[in-house]
């Protein structure tokens, strides 16, 4: 039995009624009087020089109120392409008109003259010297050349001794790696621990493979939308569908040179985000520019097609991975070389390549990662950015090793998992985390130990780790004369976070959950709050809420002490009343009475303030097991069972936590089996839900969720961020299950029927 | 969406006259047309609704003429019709594969066919039902067989002003089945679609029809494969030959969904399965 009464309980979400009744106000529901409709004019080429942009015909169209281009951007920050477009759908201009159809027609009337350039979409092609140089980038050395060059530089710096012989020897060695000069590199990231060469040499089994993970879209239900209204005084109001209103405010200020306090960002109810709803350029800046130019409110709303061509999806990547282990099951070394498809913007997620280390004791580790420019839109965060990709490679390869040495995949993982105090390869010391508990929990629940499989059926297991972020936040809490409690803050509710905050405050003030209400302010009114991404909200705002409630708690006892003329040490807050400890007869005063009393005191009303910025977070683990059946003639895979456990620290609202586990697992399943943004010379060729497949409830059995609670020292009640971890292992879980079912491994996602058939054929199975 | 004139005629003659004019489009369920118009892929100057013309919707059945399906019959109604489920199972199964229930409540079988997508889910079922397509215009009526209706992707033998009014299915099959190759369990488009219908006399196949969707510029019958079955008793070897013959009859393309080679292989695999299922139904 929990010692708590509100936290740790499943309660109805604070937004349940407004969501169910349709009363929730999303971005597209905002419609100020006189609003115009904006439309972005987009490149029809994937790579081309812009020779001219002619807006004259569009300007003549009745109903057109403004047309803007990069010339209208005061900071010069790239909002619209000017001399060159780098991907299909890149913005070139924007139109505002009295009607959405007129805006669309005007966009079509703008004549763009292109000089078409060669296109490169494949990262492994883009790094070759034969590829078109997309952003004039300098070439970068690969891992071996990098190491040799570093030695040469070190020797050259030593002016006291003559190293010319050694240097020329090293320079000759450079010639051994002629292909190790990579082009179109946007960013790089390198980490190292121990000596991998030594580790591989000591290994009994070494496995090396290349893993290919596609670019996928966050596919939030609500496309990007913003409504901007600039008034005659220069004050700008933006209704934005975003995960981070304060980041949007500073982004608009920086891009358009508007003072921070002249911008108010009002976050509208979010129709999903998953990390993809932080961008400021995408719709918010064009909406503000169009409103400034027309003096009217302007809505800029993306279509689903625009979401695919000009959203900021998760990067695909190619990971070459090598792992060495001993016959008795100890992992000795792992080396990764990754190329991330960054598209037109530099290097999102590449730092996550380090996650190939997993949660294992790997004494020798080397990770080299490069971001590569291609003719695609830029990428951004998607639920544990970069981790599903890296962990897919790492966990698939672990199964291959387990198979070679004849060890059970769960036992092999348990044996190598880090424990409290162990060294984290290239990353400090391990805190207490329920790695083994979580994996054991899923194995027990799924029936792993006595698993059975008919022909063409198989079981797969994988684990994935992630650590929630942390950021600044502020919360006010006030207690009213009727004993009700009101919370005020500025953080966007991301699937249940407002509910968790409300539960925490109800717990501390010992009031029923139902008597707490929560209100989100805009950036003009609310204290600063970090963006709702990186699984930060429950951790950050939960801690902030706790501080605010504790502050109010202090004031409540102070008031009761005054009112009852008792020392605070003799008072306790319990069941919404302040009681005198061991009073006989019992003596108490309600929160409502104290709130009413407070209005006529010197100290004033009950207002608690919480302000918080940083505490170190604790890693979380998600462990999953799938049972699948593959049709060897059609290549179709059916999931028979999918079980997911997660160390959540402490589940403040267990049903909401299970919802996160299910949602992340399903998104991981989709990435493994069907989702893929496809590109040709012309750009993205599946910009819609017909050929970009997301699963429906008919594709999966109910995901069985298992909550494991190993408290995080700094989390509110021990809670960790729960949103991101569950997507991290599923790609590998599925691939490992398919391998177990058909005996053939597919290292290139998604595992579509055709790939299964081809893989079987290549292994002599033949349909 | 571009502006357009909207008409709601109450007679076929009136609808036909309006439809004979340039840049005119018929509106049946609207589940393809409206999406096309929103995407500016379709920019008709006039849209003619068939909604108010009496007699175009509904399923009738009688012993002499078999089943008749009005062109404006909702796909969902085709899917749930007990008569169609019993005598033309492949068609009911094909109907059940289209979009979601919400879409099937709006979409019509006439629209699904007149749109002339080679991947339409009802088309293979109509092919193996030997459907006769009644067509009306201001000049009169004519009937074409379903396998003569299509001339290419999005193309039919219909001339301006001609409107499909009815599908007549005179020959019930004793067993039929439709299989769609897809990735997602529901709400996916057919990578390929295969329907088979058979009649049995004891163990001998007296008649066999195989319809293939999304494997050629138009939906096609695999007549060579059908001929292999006719007059024979089914064996594993025969089914293998039938699958191969059907694959040989197909001429699929490679596109973003899958390769031509994969489609051809799946025609082979799924024809065998579909015929097997149809035979099972015919004998069961």
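The values are calculated or read from the model by the stated rules, or taken from the named source; none is laboratory data. What you see is a predicted model; the values in this text were computed from it and never measured. Cβ coordinates were reconstructed from backbone atoms using ideal geometry, including for glycine residues, and neighbour counts include every protein chain displayed.
With respect to the stated conditions, residue A:658 fails to be out of contact with any strand residue (DSSP E or B) (no Cβ under 8 Å at 6 or more places or on another chain), more than 13 Å from every other protein chain (Cβ to nearest Cβ) and surrounded by 15 or more Cβ atoms within 10 Å (Cβ to Cβ). Considering only residues in the stretch A:619-655 that are out of contact with any strand residue (DSSP E or B) (no Cβ under 6 Å at 6 or more places or on another chain) and within 14 Å of chain B (Cβ to nearest Cβ), the one that is surrounded by the fewest Cβ atoms within 10 Å (Cβ to Cβ) turns out to be A:631.
When restricted to residues that are farther than 19 Å from residue A:492 by Cβ and touching a residue at least 60 places away in the same chain (Cβ under 8 Å), the stretch A:13-22 contains 0.
Condition check ((1) out of contact with any helix residue (DSSP H, G or I) (no Cβ under 8 Å at 6 or more places or on another chain); (2) in a helix (DSSP H, G or I)) across all residues:
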{"site": "A:288", "(1), (2)": "no, yes"}
{"site": "A:296", "(1), (2)": "yes, no"}
{"site": "A:305", "(1), (2)": "yes, yes"}
{"site": "A:320", "(1), (2)": "yes, no"}
{"site": "A:323", "(1), (2)": "no, no"}
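Here the condition is being touching a residue at least 24 places away in the same chain (Cβ under 8 Å) and surrounded by fewer than 23 Cβ atoms within 10 Å (Cβ to Cβ); of A:437, A:455, it holds for A:437 alone.
Each row is one residue, and each column tells you yes or no for (1) farther than 25 Å from residue A:312 by Cβ; (2) surrounded by fewer than 20 Cβ atoms within 10 Å (Cβ to Cβ); (3) within 14 Å of chain B (Cβ to nearest Cβ).
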| position | (1), (2), (3) |
| --- | --- |
| A:682 | no, yes, yes |
| A:688 | no, yes, yes |
| A:691 | no, yes, yes |
| A:704 | yes, yes, no |
| A:714 | yes, yes, no |
| A:724 | no, no, no |
| A:758 | yes, yes, yes |
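Screening A:104, A:166, A:171, A:113 for residues that are more than 33 Å from the chain's Cα centre (by Cα), within 30 Å of residue A:298 (Cα to Cα) and not in a loop (DSSP other than H, G, I, E, B) leaves exactly one candidate, A:113.
Restricting the stretch B:197-212 to residues that are part of a strand (DSSP E or B) and out of contact with any helix residue (DSSP H, G or I) (no Cβ under 7 Å at 6 or more places or on another chain) leaves a set whose member that is modelled with the lowest pLDDT is B:201.
Restricting to the stretch A:90-116, name every residue that is closer than 13 Å to residue A:44 by Cα, within 14 Å of chain B (Cβ to nearest Cβ) and touching a residue at least 60 places away in the same chain (Cβ under 8 Å). Selection gives A:107 alone. Here A:697, A:645 are screened, and the one residue that is free of Cβ contacts under 8 Å to residues at least 24 places away in the same chain and more than 23 Å from residue A:213 (Cβ to Cβ) is A:697. Any residue in the stretch B:24-32 that is without any contact (Cβ under 8 Å) to a residue 60 or more places away in the chain and in a loop (DSSP other than H, G, I, E, B)? Scanning the stretch B:24-32 turns up no residue that is without any contact (Cβ under 8 Å) to a residue 60 or more places away in the chain and in a loop (DSSP other than H, G, I, E, B). Just to be sure, is residue A:627 under 30 Å from residue A:444 (Cα atoms) and more than 25 Å from the chain's Cα centre (by Cα)? Against the criterion (under 30 Å from residue A:444 (Cα atoms) and more than 25 Å from the chain's Cα centre (by Cα)), residue A:627 qualifies. Checking residue A:229 against (1) more than 29 Å from the chain's Cα centre (by Cα); (2) assigned to a loop (DSSP other than H, G, I, E, B), which single condition isn't satisfied? Unmet for residue A:229, out of (1) more than 29 Å from the chain's Cα centre (by Cα); (2) assigned to a loop (DSSP other than H, G, I, E, B): (2).
Can residue A:271 be described as part of a loop (DSSP other than H, G, I, E, B) and farther than 24 Å from residue A:95 by Cβ? Yes. Among the residues of the stretch A:726-756, those identified as within 14 Å of chain B (Cβ to nearest Cβ) and either in a loop (DSSP other than H, G, I, E, B) or at pLDDT below 95 (or both) are A:749, A:750, A:751, A:752.
Within the set A:616, A:611, A:590, A:529, the sole residue that is within 30 Å of residue A:381 (Cα to Cα), surrounded by fewer than 17 Cβ atoms within 10 Å (Cβ to Cβ), in contact (Cβ under 8 Å) with a residue 12 or more places away in the chain and touching a strand residue (DSSP E or B) at 6+ places or on another chain (Cβ under 7 Å) turns out to be A:611. Within the stretch B:226-263, the set of residues being within 14 Å of chain A (Cβ to nearest Cβ), crowded, with 20+ Cβ neighbours inside 10 Å and either assigned to a helix (DSSP H, G or I) or modelled with pLDDT under 95 (or both) comprises B:243, B:247, B:262, B:263. Against the numbered list (1) modelled with pLDDT under 95; (2) buried (at least 16 other Cβ atoms within 10 Å of the Cβ), residue A:168 comes up short only at (2). For the stretch B:203-225, a residue qualifies if it is closer than 23 Å to residue B:115 by Cβ and surrounded by fewer than 24 Cβ atoms within 10 Å (Cβ to Cβ), and the qualifying residues are B:216, B:217, B:218, B:220, B:221. Restricting B:215, B:194, B:186 to residues that are within 14 Å of chain A (Cβ to nearest Cβ), modelled with pLDDT of 95 or more, touching a helix residue (DSSP H, G or I) at 6+ places or on another chain (Cβ under 6 Å) and assigned to a loop (DSSP other than H, G, I, E, B) narrows the list to B:186. Where helices (runs of 4 or more DSSP H) sit wholly within the stretch B:56-153, those with at least 1 residues that are farther than 30 Å from residue B:18 by Cα and in contact (Cβ under 8 Å) with a residue 24 or more places away in the chain occupy B:75-80, B:82-87, B:89-96, B:101-106, B:123-128. In the stretch A:232-249 there is at least one residue that is out of contact with any strand residue (DSSP E or B) (no Cβ under 8 Å at 6 or more places or on another chain) and not in a loop (DSSP other than H, G, I, E, B). In the stretch A:562-579, which residues are in contact with a strand residue (DSSP E or B) (Cβ under 7 Å, 6 or more places away or on another chain) and surrounded by fewer than 17 Cβ atoms within 10 Å (Cβ to Cβ)? Once the filter is applied, which keeps residues that are in contact with a strand residue (DSSP E or B) (Cβ under 7 Å, 6 or more places away or on another chain) and surrounded by fewer than 17 Cβ atoms within 10 Å (Cβ to Cβ), the stretch A:562-579 yields A:563, A:570, A:572. Residue check: residue A:766 meets all listed conditions (1) within 13 Å of chain B (Cβ to nearest Cβ); (2) surrounded by fewer than 18 Cβ atoms within 10 Å (Cβ to Cβ); (3) modelled with pLDDT of 95 or more; (4) not in a helix (DSSP H, G or I) but one, namely (3). Mind checking whether some residue in the stretch B:264-276 is farther than 30 Å from residue A:694 by Cα and buried (at least 19 other Cβ atoms within 10 Å of the Cβ)? Yes, the conditions are met somewhere in the stretch B:264-276. Considered as a group, the residues in the stretch A:616-641 that are closer than 29 Å to residue A:708 by Cα, out of contact with any helix residue (DSSP H, G or I) (no Cβ under 7 Å at 6 or more places or on another chain) and part of a loop (DSSP other than H, G, I, E, B) include one that is modelled with the lowest pLDDT, and that residue is A:616. Based on what the data block shows, is residue A:543 farther than 16 Å from residue A:484 by Cβ and surrounded by 14 or more Cβ atoms within 10 Å (Cβ to Cβ)? Against the criterion (farther than 16 Å from residue A:484 by Cβ and surrounded by 14 or more Cβ atoms within 10 Å (Cβ to Cβ)), residue A:543 qualifies.
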